[in-house]
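One structure is given here, and the rest of the page talks about it.
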Amino acid sequence: MTTLLQDMRYGLRLLWKSPGFTIVAALSLALGVGANTAIFSIVHAVLLRSLPFSHPDRLVKIVANNKGAGAQNIGFSVAELDDLRSRAGVFDQVTAIFGGDTNLTGGERPQRLELLTVSPNYFSILGTSAHIGRVFGPGDEAPGFAEAAIISDSLWARGFGRDPGVLGRKMRLDNDPYTVVGVLPSGFRHPGSTVATDVDIWVTAGFRGDPFPKPQRSLRVVPGAMGLLKPGISLQQAQSRLDVFASRLRAEYSDYPPESGWSIEVQSLQDSLVGDVRPMLLVLMGAVVLIILLASVNVANLLLARASGRQREMAVRLAMGASRARMIRQLLTESMILSLVCGVVGVLTAMAAMHFVQFLPARIPRLAEVQMDWTVLAFALLVSLLAGLGFGLVPALQSSKAEIAMAMREGARGSGTSGKTNRLRGLLIASECALAVVLMVGAGLLLRTFWGLLQENPGFNPSKIVAANVWLPVPNNPDMDRYANPEILNSFVREVLRRVRAIPGIGLASMTTDLPVTHLSRRNPVNIEDRPEESRKGLFFEVTSVTPEYFRVLQAPLLRGRYFAEGDEPGKPQVVIVDETTARTFWPDRDPIGRRLSIRSRRGTANPPWSTVVGVIADIRNDGLDQSGSPHFYSPIYQVPRIRTLSVTVRTSLPATSLEPLIRHEIQAVDPDLPVFNVRTMNELIDGSLASRRFSVELVGAFAVVALLLASVGIYGLLAYMVGQRAHEIGVRMALGAMPSTIGKMIVSRGAEVAGIGVVGGLILSRMIAPLISSLLYGVRPIDPEVFIAVPLILIVVVLVASYIPARRAARVDPILALRES
């Protein structure tokens, strides 16, 4: 222990005496440790840490699919939920999950909130209790909606000022009275996808009474379900039993046509929550691992350069009887001290970066759980120690060799020792270049993907379009649902559009139930008159309802037929417009105009009327620029009796911020109880849909730039060191008539040689690693020739620039001074 303390004190003195070296090395390594710690804190919270609920390993998401028609997540009927609870034999409990909007009225102004409708056992399944009050229980069973409501901590804070007297408070949601019975803990988040970022209010329903239709097995009114597996049943066992159970139900009931391939599937709740972002986070984790390797190699090069000035010291200590193991331990102790200092700085940097978590894409789940806990700190310590061992071991072994000490003691300037050191440094720099190439290739592939998506044709012109959202309330008592009356609904739509069009600066205005690139289109079961075989499989298509001006606002090309007209209203023949892909898929060899579809409501409209195709529109990327999308139909709003989510879309040169109060005023002049929310431009919508990809590109791109800088600094340091070590040789060459340009070329060729080795190694590694990020690519092959050609060229140019200063210095060596100093 005494010896270790002596080594530590000596190491600290050396670091203190070399502030330039210490600062450069600390910043290089702290960057790597900080980046690793920051990204790991996100990966740990999102991917590695168990969900903060009781029995997280038993929580599953339950979905129903029609495999025969390629339809995923088609929802459940009430009867199917009952079957899952009582007959499947694999679940302790099952709860319905039904998310959506609601309007909170009765205050100073109406507010839009996110509502989650669940079964009374929802919180029991999660093992969650209330912060104040209570959660749902058996007493909240009701055919329709129960009166009890539970609010989030966020809503409690912003809506009620954290008043403990909120319990028992009445709220009006969609014009229905609810009573607040509980407030959830601040850390609670619904473990699933939602319309907005977080759920504000939880209510419970039995889905058997108003406002729900009379239960039928074919009416899938519940979009999703969550279950708690029985103890001792694995996910694989549960899936096997559900396959048998679904087969039994298909045989038992005629509601499941054999062609549909109806099935029930379960997925770990944690996997379902984070599955979409897992590849992105793992790629980012891999990128920061490469950064710490680069930083370690860079510091190792600094230590090798520094060791050349300490070789006389090493020679003296070896001559006085110090063992080689003792010298290695001393040098490793110094490296560990440096790595721990860098670790502290890196952790402080990562802690500062925690403030920027709020700016991460909202699509990343569990961001509220990101924190600097003991696991993250332990990871930072481990990274620091491994980095210290990694960058310290090679210089320690090299500097403690007896033959090097002998060469320095004898004053053998420019001898083989320097050559060996140069070769070792060259190998390290080549490794740096290889790692830089891997990062640059990854960044290049992601950038090519992102740039390609920006150039992707969305099917419409997004410039100068502003959209504002409205939610029409759905009261529990159907007799109080004024917007269920088609005449009132159509009158509301027409009056709002008339008022909005009158706003100065607005040219065209329309309404739609779903905006492009938001992936919120309703999926309805559809029959195609002349495609009965496919229809029997249970086709589900995305259906968007629009007003006649919608396609003109979007400037979406009409390929065939006509747009909707004001006369397409109740009482007139039902019409639809299909997109180009749908027309090509179902009528590849015939004209789709005049073909008929039957769009069935999830609520079970008996004998729905046939709708005639009157137009074909160019494909609009409703599911996002990076999604091919499902078959898509458009129907006139005026012929759809039950629509609730509406978006006013206008073509204007005015900014969204100035239009927001004007649009809100006109809508609330028609119905003062309607909140207007999410007023934004169409370009902002598209940018939001690409937020996760932009985040990946920016972060990996930043790491690639850092890697390129570290590699260029390494090349510069190697050549500068080589010029200093070979000054005598250069002087002799110039005294014998060598031209300065020849000397400069010699130095530059050495840099190019090292970089060339690194580039070849990096391209081989990239060829092996690139397919691992294929899930993040769109329209780009993992082995993209343009990227694999551009990256080496960029690196070579940077290397030539980094080689210029040492080469120029070598070309200006005075042979007289060089020979005299030798």
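Considering only segment 363-381, how many residues are assigned to a loop (DSSP other than H, G, I, E, B) and either free of Cβ contacts under 8 Å to residues at least 24 places away in the same chain or surrounded by fewer than 19 Cβ atoms within 10 Å (Cβ to Cβ) (or both)? Even if it seems obvious, please write down each step before you answer.
Of all residues in segment 363-381, those assigned to a loop (DSSP other than H, G, I, E, B) come to 363-366, 370-373.
Among the residues that remain, those that are also either free of Cβ contacts under 8 Å to residues at least 24 places away in the same chain or surrounded by fewer than 19 Cβ atoms within 10 Å (Cβ to Cβ) (or both) are: 363, 371-373.
So the count comes out to 4.
Please work out which residue is nearest to residue 667 (Cα to Cα), limiting yourself to segment 475-491 and to residues that are open to solvent by 10 Å² or more (accessible area, probe 1.4 Å), in a helix (DSSP H, G or I) and of a type outside the set (S, T, N, Q).
That would be 488.
Just checking, which of 625, 659 is farther than 29 Å from residue 77 by Cα, modelled with pLDDT under 90 and either open to solvent by less than 20 Å² (accessible area, probe 1.4 Å) or among the acidic types (Asp, Glu) (or both)?
On the way: 659 fails: modelled with pLDDT under 90.
Result: 625 is the single residue among 625, 659 that is farther than 29 Å from residue 77 by Cα, modelled with pLDDT under 90 and either open to solvent by less than 20 Å² (accessible area, probe 1.4 Å) or among the acidic types (Asp, Glu) (or both).
So, in segment 549-568, how many residues would count as being in a helix (DSSP H, G or I) and open to solvent by 10 Å² or more (accessible area, probe 1.4 Å)?
Restricting attention to segment 549-568, the residues satisfying the condition of being in a helix (DSSP H, G or I) are 550-554.
Imposing the further condition that a residue be open to solvent by 10 Å² or more (accessible area, probe 1.4 Å) reduces the set to 552.
Within segment 549-568, residues that are in a helix (DSSP H, G or I) and open to solvent by 10 Å² or more (accessible area, probe 1.4 Å) number 1.
Which members of segment 155-181 meet the condition of being of a type outside the set (A, V, I, L, M, F, W, C) and either surrounded by fewer than 16 Cβ atoms within 10 Å (Cβ to Cβ) or under 22 Å from residue 56 (Cβ atoms) (or both)?
Listed by number, the residues that qualify are 158, 161, 162, 163, 164, 165, 168, 169, 170, 177, 179.
With respect to residue 51, is the statement that it is surrounded by 16 or more Cβ atoms within 10 Å (Cβ to Cβ), modelled with pLDDT under 95, on the phi < 0 side of the Ramachandran plot and outside any strand (DSSP E or B) true?
Working: surrounded by 16 or more Cβ atoms within 10 Å (Cβ to Cβ): yes; modelled with pLDDT under 95: yes; on the phi < 0 side of the Ramachandran plot: yes; outside any strand (DSSP E or B): yes.
Yes; evaluated as a whole, the condition is true for this residue.
Is it true that residue 94 is among the β-branched types (Val, Ile, Thr) and assigned to a strand (DSSP E or B)?
Details: among the β-branched types (Val, Ile, Thr): yes; assigned to a strand (DSSP E or B): yes.
Considered against the rule, which asks whether it is among the β-branched types (Val, Ile, Thr) and assigned to a strand (DSSP E or B), residue 94 comes out as yes.
A quick yes/no check of all residues on (1) within 36 Å of the chain's Cα centre (by Cα); (2) buried (at least 21 other Cβ atoms within 10 Å of the Cβ); (3) at pLDDT 95 or above; (4) more than 30 Å from residue 218 (Cβ to Cβ):
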position: 609; (1), (2), (3), (4): no, no, no, no
position: 621; (1), (2), (3), (4): yes, yes, no, yes
position: 637; (1), (2), (3), (4): yes, yes, no, no
position: 654; (1), (2), (3), (4): yes, no, no, yes
position: 667; (1), (2), (3), (4): yes, yes, yes, yes
position: 680; (1), (2), (3), (4): yes, no, no, yes
position: 684; (1), (2), (3), (4): yes, no, no, yes
position: 687; (1), (2), (3), (4): yes, no, no, yes
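Looking only at segment 86-101, how many residues end up being surrounded by 17 or more Cβ atoms within 10 Å (Cβ to Cβ) and over 32 Å from the mean Cα position of the chain (by Cα)?
Number of matching residues: 2.
Can you confirm whether segment 569-583 contains a residue that is more than 19 Å from residue 637 (Cα to Cα), open to solvent by 10 Å² or more (accessible area, probe 1.4 Å) and of a type in the set (Lys, Arg)?
Looking through segment 569-583, none of the residues is more than 19 Å from residue 637 (Cα to Cα), open to solvent by 10 Å² or more (accessible area, probe 1.4 Å) and of a type in the set (Lys, Arg).
Which condition number does residue 718 fail, the rest of (1) assigned to a helix (DSSP H, G or I); (2) open to solvent by less than 30 Å² (accessible area, probe 1.4 Å); (3) at pLDDT 85 or above being met?
(3) is the only condition that residue 718 fails.
Would segment 71-84 turn up any residue that is over 17 Å from residue 149 (Cβ atoms), part of a helix (DSSP H, G or I), open to solvent by 40 Å² or more (accessible area, probe 1.4 Å) and of a type in the set (Asp, Glu)? Let's see the steps before the verdict.
Of the residues in segment 71-84, the ones over 17 Å from residue 149 (Cβ atoms) are 71-84.
The next check asks that each one be part of a helix (DSSP H, G or I); those that pass are 78-84.
Right, trim to open to solvent by 40 Å² or more (accessible area, probe 1.4 Å) and you get 82.
Adding the requirement that they be of a type in the set (Asp, Glu) leaves 82.
Yes.
The values are calculated or read from the model by the stated rules, or taken from the named source; none is laboratory data. Here the structure is a predicted model, which means the values were calculated and not measured. Note that we place each Cβ from the backbone using ideal geometry, even for glycine, and neighbour counts take in every protein chain shown. All accessible areas refer to the heavy atoms of the entire protein, side chains included, with ligands and DNA or RNA removed. Shrake-Rupley method; radii C 1.70, N 1.55, O 1.52, S 1.80 Å.
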